[in-house]
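J.: Would you mind keeping the following structure in view while I ask a few things?
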Amino acid sequence: MNEVRTGAGATVGGVQVSLQSVYLKDCSYESPNGPRLPPNQAWDPKFQLNMNTSTEELAPEVREVLLTVTVEAKQGDATLYLVEVKQAGVFAIAGASTDDMKRLIGSFCPSVLFPYAREVISDLITKGGFPNFVLPLVNFDALFAQASETAPQPGMVN
């Protein structure tokens, strides 16, 4: 995967990737007590971030990739808010080997979808009455590489 060309579509090492559409597939916002803090406590939440990527083949060489991002803010035992966003995109992918497809779905496609999910999460939290929240940037290439190293290889026994 050496050559990269940007635009409406991209060619990566002979693999052609074209983004057909981006859309919000599902979202959820819960704030059990609204923006009120537990009595006698200053704003000092602990955040938990979870992300997951899945895919569905819609047609030959066309995939829906779904990036699920969940953010939970807690102060002590009290949940301040819980946000889950499922950001989807339809990608036309031609000329990809099995390994190329894994990398595209695990790294490239989520990198394209993440800014959209990040905006929705920030908007929901702010509209919920909480201070502005912006998710940190995510290096999906590094996450994919880390997951590939820890995943069991075929023929290996753990």
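J.: Filter segment 10-41 down to the residues that are among the hydroxyl-bearing types (S, T, Y) and in contact (Cβ under 8 Å) with a residue 60 or more places away in the chain and list them by number.
T.: S18, S21, Y23, Y29, S31
J.: A further question on this structure: Report, by residue number, each residue of segment 75-128 that is surrounded by fewer than 20 Cβ atoms within 10 Å (Cβ to Cβ) and in a strand (DSSP E or B).
T.: Correct list: Q75, A78, T79, L82, E84, V90, A92, A94.
J.: While we're on this one: Kindly indicate the residue of segment 44-61 that is of a type outside the set (A, V, I, L, M) and within 17 Å of I93 (Cα to Cα) and also nearest to the chain's Cα centre (by Cα) among those meeting that condition. Let's see the steps before the verdict.
T.: Within segment 44-61, the subset of a type outside the set (A, V, I, L, M) is 44-48, 50, 52-57, 60-61.
When the remaining residues are screened for being within 17 Å of I93 (Cα to Cα), the result is 53-57, 60-61.
Working: T53: 6, S54: 10, T55: 12, E56: 15, E57: 18, P60: 24, E61: 22 Å.
Out of the qualifying residues, it is T53.
J.: Could I ask something else about it? In segment 51-61, how many are under 17 Å from S97 (Cβ atoms) and part of a strand (DSSP E or B)?
T.: Counting residues in segment 51-61 that are under 17 Å from S97 (Cβ atoms) and part of a strand (DSSP E or B) gives 2.
Residues are listed down the side, and each one gets a yes or a no for (1) among the acidic types (D, E); (2) closer than 19 Å to V138 by Cα; (3) at pLDDT 95 or above; (4) touching a Ser or Thr at 6+ places or on another chain (Cβ under 9 Å):
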site: L37; (1), (2), (3), (4): no, no, no, no
site: P45; (1), (2), (3), (4): no, no, no, no
site: E64; (1), (2), (3), (4): yes, no, yes, yes
site: T68; (1), (2), (3), (4): no, yes, yes, yes
site: Y81; (1), (2), (3), (4): no, no, yes, yes
site: G89; (1), (2), (3), (4): no, yes, yes, yes
site: A92; (1), (2), (3), (4): no, no, yes, yes
site: S97; (1), (2), (3), (4): no, no, no, no
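J.: Can you name the residue in segment 42-63 that is loosely packed, with under 12 Cβ neighbours inside 10 Å and without any contact (Cβ under 8 Å) to a residue 24 or more places away in the chain and, of all such residues, is farthest from L104 (Cα to Cα)?
T.: Among them, the one singled out is A42.
A quick yes/no check of all residues on (1) on the phi < 0 side of the Ramachandran plot; (2) acidic (D, E):
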position	(1), (2)
E61	no, yes
E64	yes, yes
E72	yes, yes
A78	yes, no
F91	yes, no
A94	yes, no
L104	yes, no
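J.: Considering only residues that are over 15 Å from P115 (Cα atoms), free of Cβ contacts under 8 Å to residues at least 40 places away in the same chain and not acidic (D, E), which ones fall in segment 64-96?
T.: K74, Q75, G76
The values are calculated or read from the model by the stated rules, or taken from the named source; none is laboratory data. Treat the numbers as computed from the prediction; the structure is a model and nothing was measured. Every residue, glycine as well, gets a Cβ built from its backbone with ideal geometry; the counts of neighbours run over all protein chains shown.
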